[in-house]
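Step one of this worksheet: look at the structure below.
The values are calculated or read from the model by the stated rules, or taken from the named source; none is laboratory data. The structure displayed is predicted, hence computed values, not measured ones. Don't worry about glycine lacking a Cβ; one is built from the backbone with ideal geometry, like all the others, and counts go over all protein chains shown. Surface accessibility is based on the protein's heavy atoms, side chains included, excluding ligands, DNA and RNA. Shrake-Rupley method; radii C 1.70, N 1.55, O 1.52, S 1.80 Å.
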Amino acid sequence: MEEYFICPECGSEEVEVIKERGRELTLRCVECSYVWQITLSKTIKVPVIVSKHERSFKRTAELPADEEIRIGDIVELDDDEIRITGIELEDNKRVEKAEIKEVKVLWGESLTYPKVIGVSIYFPKGITQSFKVKVNREDEFAVGEVLEVGGQTFRIEKIKIEGKMLRYGKAKADEIVRIMGRPIRGKASRSLKIYKGYGRE
């Protein structure tokens, strides 16, 4: 939902604001020097419930009233970046998309906080050991990769992402729900850090 401008003359995104009066902006293209004026949409303040795993925080976002917002959109706050996971209207109605002026409250996941994913290691005789680990959202994990967590070395057999199970290939941590594998003897390519709870190392 970040505000950006495109020059109507040459299509460049290298644009600077040379005059600002309320919602009226005068812009100039850095590339071709074309000057034009626009009127920004009226903004309203919308409550946002920001999730950082087991903790939630109430924040406020200032958003354009006449624009549409959808599940999965990214909203910029002063010190955070939020992916929208829920949109609630009056009467507690949940929807996939809505005009911002109709929204009662937004729900979202902080993208500046590390991703927490589940790890399941399957041992013989039906024994499963599970962990929660904290990883960088940009980290990638691949089926067949050898990892270590909690003193256990294992090879990834499956990666569960939202609505899908991967039995080959790789995925970014940001979309991973759980990694599953079996213990092996060998050297791990990297060690995963166990998640101990919000704000704890």
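Got a number for residues in region 1-55 being of a type in the set (Ser, Thr, Tyr), exposed (fewer than 11 other Cβ atoms within 10 Å of the Cβ) and within 30 Å of residue 137 (Cα to Cα)?
Here is the first cut: in region 1-55, the ones of a type in the set (Ser, Thr, Tyr) are 4, 12, 26, 33-34, 39, 41, 43, 51.
Filter again for exposed (fewer than 11 other Cβ atoms within 10 Å of the Cβ), leaving 4, 33, 39.
Cutting the leftovers down to within 30 Å of residue 137 (Cα to Cα) gives us 4.
Going through region 1-55 one residue at a time, the tally reaches 1.
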Review point. Taking region 116-143, which residues are among the β-branched types (Val, Ile, Thr) and touching a residue at least 60 places away in the same chain (Cβ under 8 Å)?
Key: 116, 117, 119, 121, 133
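Name the residues in region 16-58 that are among the hydroxyl-bearing types (Ser, Thr, Tyr), in a loop (DSSP other than H, G, I, E, B) and without any contact (Cβ under 8 Å) to a residue 12 or more places away in the chain, would you?
Residues of region 16-58 that are among the hydroxyl-bearing types (Ser, Thr, Tyr), as a first pass: 26, 33-34, 39, 41, 43, 51, 56.
From the residues that got through so far, the ones that are in a loop (DSSP other than H, G, I, E, B) too are 33-34, 41.
If the condition is that a residue be among the hydroxyl-bearing types (Ser, Thr, Tyr), in a loop (DSSP other than H, G, I, E, B) and without any contact (Cβ under 8 Å) to a residue 12 or more places away in the chain, then 33 is the only one that fits.
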Check your understanding: Has region 165-182 got any residue that is more than 15 Å from residue 142 (Cβ to Cβ) and more than 20 Å from the chain's Cα centre (by Cα)?
Key -> yes
Review point. Is there a residue in region 101-113 that is within 17 Å of the chain's Cα centre (by Cα), at pLDDT 95 or above and open to solvent by 40 Å² or more (accessible area, probe 1.4 Å)?
Key: yes
Point to revise | Long-range neighbours under 6 Å by Cβ, at least six apart or interchain, first residue of a type in the set (Ser, Thr, Tyr) within region 1-15, second at pLDDT 85 or above and not in a loop (DSSP other than H, G, I, E, B) | key: 12/29
